[in-house]
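Everything on this sheet refers to the single structure shown next.
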Amino acid sequence: MKPKDLKVFYETKDEIKFACTYWNTLKIKVKVLEDSKTEEELQIELFTKIKSPTIQETHKLVRNPPTINSEEI
């Protein structure tokens, strides 16, 4: 996967604009602070966020959730 392969979607929440993409089952968002950012810059920023350790760990947990014993419920 390369940054140019990411499809960027835009959404506004509470008057804040976000650039979003879906990676597997996760929705990744970054703030669009200024309108002068190009789509390529947003793709690179989203790609960098996808490769971050936090997102990678979240992806692992979503794919393989920890088991729960019946005693814990």
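Every number in this text was worked out from the coordinates using simple rules, so none of it is lab data. These numbers were taken from a predicted model, which means no experiment stands behind them. Cβ: placed from backbone, ideal geometry, glycine included. Neighbour counts: every protein chain shown.
Condition first: in contact (Cβ under 8 Å) with a residue 40 or more places away in the chain and not in a loop (DSSP other than H, G, I, E, B). Now tell me which residues in segment 1-22 satisfy that.
The answer is Pro3, and nothing else.
Is there a residue in segment 65-73 that is at negative phi and touching a strand residue (DSSP E or B) at 6+ places or on another chain (Cβ under 6 Å)? Reasoning before the result, please.
Here is the first cut: in segment 65-73, the residues at negative phi are 65-73.
Now drop any that are not touching a strand residue (DSSP E or B) at 6+ places or on another chain (Cβ under 6 Å), which leaves none.
The answer is no; no qualifying residue exists.
Whether any residue in segment 23-31 is among the charged types (D, E, K, R), without any contact (Cβ under 8 Å) to a residue 40 or more places away in the chain, in a loop (DSSP other than H, G, I, E, B) and surrounded by 10 or more Cβ atoms within 10 Å (Cβ to Cβ) is what I want to check. Before you say what the answer is, go through the steps one by one.
Of all residues in segment 23-31, those among the charged types (D, E, K, R) come to 27, 29, 31.
Then drop every residue that is not without any contact (Cβ under 8 Å) to a residue 40 or more places away in the chain, which leaves 27, 29, 31.
Checking the rest, the ones that are also in a loop (DSSP other than H, G, I, E, B) come to none.
Within segment 23-31, not a single residue is among the charged types (D, E, K, R), without any contact (Cβ under 8 Å) to a residue 40 or more places away in the chain, in a loop (DSSP other than H, G, I, E, B) and surrounded by 10 or more Cβ atoms within 10 Å (Cβ to Cβ).
Specify the residue that is surrounded by the most Cβ atoms within 10 Å (Cβ to Cβ); the eligible residues are those in segment 32-69 that are among the aliphatic types (A, V, I, L, M) and in a loop (DSSP other than H, G, I, E, B).
It comes out as Val32.
With respect to Val62, is the statement that it is of a type in the set (A, V, I, L, M) and over 16 Å from Pro3 (Cα atoms) true?
Here the answer is yes, as Val62 does meet what is asked.
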